[in-house]
Each structure stands twice: as C-alpha cells, then as structure tokens.
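Worksheet: the structure to be examined is printed underneath.
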Amino acid sequence: MTSPQVELLIVGMEELHTMDPARGEGPTGRIHDAAVGFTGGRVSYLGPAATAPEAARRVSAPGTIGLPGLIDCHTHSLYAGDRAAEFRRRLNGEPYTSILESGGGILSTVRATRAASDETLAERLHARLSAMLRQGVTTVEVKTGYALDEEHELRCLRLLREGPWPQRVVPTYLGAHAIPAEFRQDREAYVQLMLQRVLPQAAELAEAVDVYCDRGAFTLEETRRVLEAGMSRGLVGRVHAEQVDYTGAAALAASLGCASADHLERIDAAGIAAMAQAGTIGGMLPTAMLYMRDTAPPARQMIEAGVRLAVATDYNPGSAPCPDLWTAATLSCLLMGLTVEEALLGVTRHAGLALGRPELGWLTIGGPGDLCLMRPPPGAPARAETLVQHMGGHRAALVAREGRVVVEVVSGW
C-alpha cells in the first residue's frame with residue numbers, strides 16, 4: 001500500500017479565497033467548502049473538499065475563511081526606543097517636518113537604534129513579527145533606515161537576513177530614509193557614503209532598495225541616484241513617494257521599473273498614468289494617513305487608470321504605530337474607498353507584486369504553501385467581508401507557512 005502523496009490536507013473551510021480569478025468565483029477566486037493540500041512546502045491540492053485526496057495528516061477547520069498567507073509589504077519594524085512624546089506634539093498641531101527638523105521623528109529613533117544591542121533589536125523584532133503571524137501574516141517586508149550609517153545599517157541587514165524569524169522576512173535597505181545629524185551640513189557626503197560604501201555591501205544582504213523622496217528628506221535627483229545604484233546591483237526598487245509634497249517620485253519610480261511607489265497622497269495624473277503603464281504597484285498606507293491626519297490618496301482614480309494597489313501597515317514607532325494588517329485593510333475601505341475584494345487583494349497578491357515576489361500572495365498548484373484560516377467575529381457569517389468590516393482583534397485559527405502549520409488555535413475568536 002502506497003503512502004499518501006499529500007502531506008497535509010486542510011478541509012472544512014466555508015470559503016477559500018485563492019486570489020486567482022481563474023480558480024473560483026469573482027476577483028478573489030472564491031471556492032466554497034474548500035480544501036487545500038500541501039506537499040514539500042508547496043500547494044499540491046486546491047479545490048472542493050468532496051474531491052480531496054487522502055493525506056498523511058488531515059485537519060478539519062469548519063466555519064473558517066481561508067486566504068493565502070497575508071503579506072505586510074511595507075514596515076519599519078526593526079527599531080528601538082519609542083516616540084510617545086512626539087505623539088503629544090502632533091496632537092498639539094506641530095507638523096511632522098518641524099519635529100524632524102528639531103531632531104525628533106526618524107532621527108530620535110536612529111539614536112535609540114544605534115545604541116541598542118543586537119539581542120535587544122532581535123528580541124523586539126521577534127515579538128512584533130510573532131504578533132503579526134498570529135493575525136495570519138506569513139510574509140513581512142522590514143526596512144532598515146533607523147541606523148543611517150555604514151556600521152549599523154549593515155548590522156540591521158545582517159540581523160534581518162540571519163533571523164531566525166517566525167515568518168518570511170523580506171529585508172529592504174532604506175539608508176535613504178533621512179539625512180543623519182552628522183551629515184546635516186554635507187548631505188552629498190552622505191549620499192556618496194551610501195553609493196560608494198554601503199550599497200555594494202547591502203546588495204548582498206537585502207532584497208530591495210527604498211528611498212524616502214519628499215520635502216525634508218531626499219530630492220528627486222538623489223532618489224534617482226540611490227535607486228539606480230541599488231537596482232543595478234539586482235535589488236528591487238521601491239520608493240516613498242508624494243506623501244508630504246508632490247515631488248515627481250511616482251513617475252520616477254515607474255520610469256526606473258520600481259516594483260512599488262508607496263503613500264501617494266499627492267500623486268498627480270501624470271504619475272498615475274506612468275505607474276499604470278509601467279505596472280508599478282501603488283502602496284496604500286492608511287494607518288499612516290490616519291496618524292498624520294492627512295488627506296487620502298486618489299485610490300479610485302489609480303484603480304480606474306489600471307494601477308494595482310497593495311495595502312500595508314507602514315508599521316513604525318512614530319507615524320504609524322499599528323502592526324495590525326487587518327485594521328489597515330479596513331481603513332483602506334473606509335478612508336480610501338477600496339472595495340472588500342480590492343482590500344483583500346491588497347494584503348495578498350498585490351502585496352507580493354509590490355515586493356517583486358509575484359509567487360507570493362495567491363494559491364496555485366505548485367505555489368508556496370502559505371495559508372491563513374480566519375474565524376469570523378462571534379455571530380457573524382463565515383464570509384470574508386466580515387473580516388474587513390470588523391475592525392481589529394482578528395486572530396488566525398490556523399496559519400501554515402511553506403506547508404507547515406505554525407499557528408493552530410483549537411477554539412475561540
């Protein structure tokens with residue numbers, strides 16, 4: 001008698017959203033009464049439970065909603081210190097650019113992060129990632145950018161690369177996050193430090209390069225130079241664009257072939273058209289927009305022009321101290337006008353595209369075995385819209401990463 005070819009089979013889901021419209025109903029490829037099988041860390045069965053094969057291990061998950069493992073494609077999760085005092089200043093009406101120019105904001109986190117030990121940084125990041133995993137997030141992009149010198153930026157990248165972490169971590173080099181205090185009088189020297197010394201080493205440790213292009217941060221020409229240097233070394237290009245002021249960074253990102261441009265509160269029609277033509281993903285960061293008390297980016301205009309949108313937390317200690325991707329999904333609907341289906345695609349398949357990892361964020365035979373099963377809020381039907389409608393508090397019933405169960409909760413919401 002031969003042993004089952006499927007190593008793990010999960011059955012009983014009320015509905016499974018594959019994020020492949022060719023696989024099921026609607027834009028999220030919904031399958032009812034579904035099953036998913038995994039073999040060798042990959043998806044080996046995907047379809048109705050009634051026709052599922054035998055398996056070495058079978059898990060029944062009645063009353064759940066299945067999705068690909070969620071992806072938080074924009075976070076600043078590696079840091080030390082806190083910015084609670086800055087929150088008070090913002091509530092009193094002080095703009096973030098003023099806080100940054102006075103040595104607060106990013107620069108205060110830089111001081112704390114440089115002073116922290118490897119053990120402290122790793123312990124705090126592990127705790128943050130573990131909380132995200134319990135929400136069903138199996139891939140997290142983590143940026144540097146809170147060290148801003150050669151020694152500590154590379155130290156942070158090595159930590160991200162080495163782990164071990166609870167889920168897949170995508171390291172991004174963001175040395176161009178702010179001009180560090182010691183280079184305030186010679187910003188070109190800092191740009192040269194990145195180009196000549198840090199980026200050649202960072203390219204061996206990171207998967208992507210990012211630049212914060214805005215008033216008080218990096219100019220459009222500086223952004224171009226850093227992105228071109230990183231992308232020429234094989235890094236995926238990403239950019240913080242059009243958040244505080246219009247800079248033309250979105251159009252630049254598109255012209256260079258960047259995977260994503262994020263924030264986009266002040267993008268113009270030309271930038272939208274350029275992103276649509278290039279296939280550059282628009283990163284929606286509603287928690288940052290909410291904390292900054294800013295206006296919404298023109299999300300519907302972007303969608304209608306053909307720009308695919310990802311949704312992320314922008315989790316950081318100052319302008320978006322919210323690590324809850326489900327809350328970001330809800331806010332993307334309430335504040336930016338996304339539909340439920342657009343929000344779900346934003347935290348799955350489109351988020352994978354934003355990372356330059358198109359294999360992630362959807363379920364297909366032979367694809368990565370990342371899955372999360374969510375229970376609806378008490379008394380609500382097991383439908384995906386209940387997860388997006390109900391803000392916060394979501395915990396996964398089961399999470400599989402590369403075909404292995406890493407979170408399993410027997411009961412409770």
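Observations on the structure shown:
- Comparison of Ala320, Ala384, Ala396, Ala400 shows that the only residue that is closer than 30 Å to Val110 by Cα and either touching a residue at least 24 places away in the same chain (Cβ under 8 Å) or touching a Leu at 6+ places or on another chain (Cβ under 8 Å) (or both) is Ala320.
- Residue in the stretch 198-247 that is nearest to Ile281 (Cα to Cα), counting only those that are of a type in the set (Phe, Trp, Tyr) and surrounded by fewer than 24 Cβ atoms within 10 Å (Cβ to Cβ): Tyr212
- Residues within the stretch 99-137 that are surrounded by fewer than 19 Cβ atoms within 10 Å (Cβ to Cβ), of a type in the set (Gly, Ala, Ser) and under 26 Å from Val239 (Cα atoms), tallied: 5
- Filter pass, Ser117 being modelled with pLDDT under 95 and not hydrophobic (A, V, I, L, M, F, W, C): no
- Only residues that are farther than 15 Å from Tyr246 by Cβ, in contact with a strand residue (DSSP E or B) (Cβ under 8 Å, 6 or more places away or on another chain) and part of a helix (DSSP H, G or I) were counted in the stretch 270-286, giving 1.
- Every pair of residues 6+ apart whose Cβ atoms lie under 6 Å, when the first sits in the stretch 138-158 and is surrounded by fewer than 24 Cβ atoms within 10 Å (Cβ to Cβ) while the second is of a type in the set (Lys, Arg): Glu150/Arg197; His152/Arg114
- Test: residue in the stretch 48-65 that is touching a His at 6+ places or on another chain (Cβ under 8 Å), surrounded by 21 or more Cβ atoms within 10 Å (Cβ to Cβ) and touching a residue at least 40 places away in the same chain (Cβ under 8 Å): yes
- Verdict on Pro323 being closer than 20 Å to Ile267 by Cβ and crowded, with 18+ Cβ neighbours inside 10 Å: no
- Flag for Ala310 being assigned to a helix (DSSP H, G or I) and crowded, with 24+ Cβ neighbours inside 10 Å: no
- Set Tyr45, Tyr79: member being under 30 Å from Arg155 (Cα atoms) and surrounded by 16 or more Cβ atoms within 10 Å (Cβ to Cβ): Tyr79
- Of Ser232, Ser260, all but one fail to be hydroxyl-bearing (Ser, Thr, Tyr), free of Cβ contacts under 8 Å to residues at least 24 places away in the same chain and closer than 24 Å to Pro200 by Cβ; the exception is Ser232.
- Residues of the stretch 327-341 satisfying the condition of being touching a Lys or Arg at 6+ places or on another chain (Cβ under 9 Å) and in a helix (DSSP H, G or I): Met336
Residue by residue, here is whether (1) touching a Phe, Trp or Tyr at 6+ places or on another chain (Cβ under 9 Å); (2) closer than 23 Å to Val169 by Cα; (3) not assigned by TED's automatic domain parsing to the domain that holds Leu325 holds:
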site: Gly367; (1), (2), (3): no, yes, yes
site: Leu373; (1), (2), (3): no, yes, yes
site: Pro377; (1), (2), (3): yes, no, yes
site: Glu385; (1), (2), (3): no, no, yes
site: Val388; (1), (2), (3): yes, no, yes
site: Arg395; (1), (2), (3): yes, yes, yes
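- Checked against (1) free of Cβ contacts under 8 Å to residues at least 12 places away in the same chain; (2) outside any loop (DSSP other than H, G, I, E, B), Leu125 passes all but condition (1).
- Of all residues making up the stretch 382-396, the number that are modelled with pLDDT of 95 or more and out of contact with any Ser or Thr (no Cβ under 8 Å at 6 or more places or on another chain): 5
The values are calculated or read from the model by the stated rules, or taken from the named source; none is laboratory data. None of these values were measured; they are calculated from a predicted model. Glycine gets a Cβ as well: all are built from the backbone with ideal geometry, and neighbour counts include every protein chain shown.
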